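Okay, structure first, notes after.
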Amino acid sequence: MSAAAPPRRVVICGGGVVGACMAYFLSTHAASPTVPTLIERCAPACAASGKAGGFLALDWCDSTPGLSALARASYALHRRLAADLGGADAYGYRPVHTLSVRVPSVPKPASPHPMLPAWVDPSASAAPPRELGTPDTTAQVHPGLFTRPVLAASGAEVVIGEVERVVVRDGRAAGVAVKGRDGVVDADAVVLALGPWSGSGRLEVVSEVFDVSGLKAHSIVLRPREPENITPHCLFLSYQPEPGAKMLDPEVYPRPTGEVYICGMTKDENPPDDPATITGEPNSIAMLHKIAGKVSSQLKKEEGAEVVAEQACYLPCTTDGMPVIGEMPGVKGCYVATGHSCWGILNGPATGAALAELILDGKAKIVDLAPFSPARFLKRSRRGA
């Protein structure tokens, strides 16, 4: 008996990094190249995939075996994509040094530490910095500049519209209904890569099996006085604003564009329906500016740093902390890829490549998707019952 032919009409719902990578690896599949249709509510990379930090790490997920395999495969794919797509110039791909720095509540005069880059004020470190990664194990991209050319390289048809539901006929995905659009976007396979918009009861085919919640994350982007002096050192900070206050863990990512991205200040909250309406909360944005100024005088607004962006985005989170990647139980031809939390930019390429293999070849080869199967939630609910 001959193997079933791969689906020829693939519809991807979601124009973030996962959807873009999925489109790319479908269209460049060696045996069955398939150019998909991609449906996006707002614009490609309009949510977290345009506002995230873009930090990449080879081995930071090694404590979780399944996730480790995904991250390591994806880190390698980032290198390959950068070589194929001119990533250094196109979207700021570069290896980086990565340090852990404890910022004092009250700065005190200090001598420069040899590990601290010159643009970081010596008083910004309350203890010797610690190396977390080298240019062999950590890197970065500008996530928005990465997502858009990867999607463009796929040749996918992009449809702007809001996904209402997956159309299911005889237990198989048959297409997607789009709000305000007559008829159905027909499909042999549907991929739901909607980040936190996959959950909160928005799509019945998902909510019947698992939920995805949102984590609101704030960030600012600054252009320092002397951008040419900012070296590629990513900083993971620990900072207690005052004695007894909650310890904060902001992050600082200089970019090849000369900008510096600072993020942190998160809270559990599901996203609004429209990504275009998301704004940062003033107190959180103000705290990030305060932290930026403590790290470097180059990042102080009052000393000439230009504010490029003050923003927020929502990261997709699952109840067990693992992504959900695979075919939905009970609906043939309906696939999901969400729940990557803070590692969506890192793990987007391997997620897209693995799902492209699953859809076109019937099995993922680049990474074992069993730990990420949505069917795991059915097993837990049965045990609970």
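Of note:
- In order through the range 134-146: 3J(HN,Hα) via Karplus (6.51 cos²θ - 1.76 cosθ + 1.60), integer Hz, x for Gly, Pro: 10, x, 7, 10, 9, 8, 8, 9, 7, x, x, 5, 7
- The range 270-314: equivalent-ellipsoid semi-axes (sqrt of 5 x gyration tensor eigenvalues, Cα, Å): 26, 10, 7
- In the elastic network of the chain, a GNM with C-alpha springs shorter than 10 Å, the most mobile of ALA139, ALA177, ALA354 is ALA177.
- The calculated FRET efficiency for the pair ALA30 and GLU157, based on their C-beta separation and a Förster distance of 25 Å, comes to about 0.70.
- Cysteines in the chain lacking a second Cys C-beta under 4.7 Å: CYS13, CYS21, CYS61, CYS234, CYS263, CYS313, CYS317, CYS334, CYS342
- The alpha carbons of the range 264-385 give a radius of gyration and a Dmax of 19.8, 61 Å, in that order.
- Span from the the range 253-322 Cα centroid across to the the range 68-145 one, whole angstrom: 17 Å
- Here the range 80-171 is treated as an ellipsoid with the same Cα gyration tensor; its semi-axes, largest first and in whole Å, are 43, 19, 12.
- Overall Cα dimensions of the range 1-94 - principal axes, largest extent first, Å: 44, 35, 26
- Relative contact order of the range 24-169, pairs being alpha-carbon contacts under 8 Å that are 6 or more residues apart, as %: 40 percent
- Calculated translational diffusion coefficient of the range 182-311 (4 °C, 1.567 mPa s; Stokes-Einstein with Kirkwood radius over alpha-carbon pairs) equals 75 µm²/s.
- Counting only aspartates and glutamates at least 8 places from LYS300 when in the same chain, those with an alpha carbon closer than 18 Å to its own are ASP121, GLU226, GLU228, GLU251, GLU259, GLU310.
- Taking the Cα centre of the chain as origin and assigning +1 to Lys and Arg Cβ atoms and -1 to Asp and Glu Cβ atoms, the resulting dipole is close to 540 debye.
- Kirkwood hydrodynamic radius of the range 193-268, from inverse mean 1/r over distinct Cα pairs, in Å: 15.3 Å
- Comparing mean-square fluctuations of ALA173, ALA286, ALA124 from a GNM of the chain with C-alpha springs under 10 Å, the top value falls on ALA286.
- Sequence ranges 9-22, 153-166, 185-198, ranked by mean other-Cβ count within 10 angstrom, highest first: 9-22, 185-198, 153-166
- Spin-label pair GLU208-ALA309: with each label point 7 Å from Cα along the Cα-Cβ axis, the two points sit 3.7 nm from one another.
- Cross-link pairs beyond the 32 Å C-alpha cut-off, checked among LYS179/LYS267; LYS267/LYS363; LYS51/LYS179; LYS179/LYS290: LYS267/LYS363; LYS179/LYS290
- Range of Cα positions in the chain per principal axis (Å), largest first: 75, 42, 40
- Burial order of peptide ranges 42-49, 97-104 (average beta-carbon count within 10 Å, highest first): 42-49, 97-104
- With every protein chain in place, the chain: carbon and sulfur % of accessible area (1.4 Å): 51 percent
- For the range 1-42, diffusion coefficient by Stokes-Einstein and Kirkwood Rh (Cα), 25 °C, 0.890 mPa s, µm²/s: 221 µm²/s
- Computed from phi, the 3J(HN,Hα) profile of the range 278-292 under the Karplus parametrisation 6.51, -1.76, 1.60 (θ = phi - 60°) reads 6, 9, x, 8, x, 5, 5, 5, 4, 5, 5, 5, 4, 5, 4 Hz, with x in place of Gly and Pro.
- Candidates LEU222, LEU203, LEU315: whichever shows maximal mean-square fluctuation once the chain is modelled as a Gaussian network with Cα springs under 10 Å: LEU203
- The orientation-averaged shadow of the Cα convex hull for the range 94-148, equal to a quarter of the hull surface, comes to 4.9 nm².
- Antiparallel %, DSSP beta bridges [both residues in the chain], to 5: 70 percent
- Taking N as its residue count, the alpha carbon Rg of the range 68-223 over 2.2 N^0.38 Å: 1.50
- Accessible area per residue for the chain is 42 Å², calculated with a 1.4 Å probe on protein heavy atoms, without ligands, DNA or RNA.
The values are calculated or read from the model by the stated rules, or taken from the named source; none is laboratory data. Every value quoted in this text rests on a predicted model; they were computed, and no experiment measured them. All Cβ positions, glycine included, derive from the backbone under ideal geometry; neighbour counts span all protein chains shown. Side chains are part of the model used for accessible areas, which takes the heavy atoms of the whole protein and leaves out ligands, DNA and RNA. Shrake-Rupley method; radii C 1.70, N 1.55, O 1.52, S 1.80 Å.
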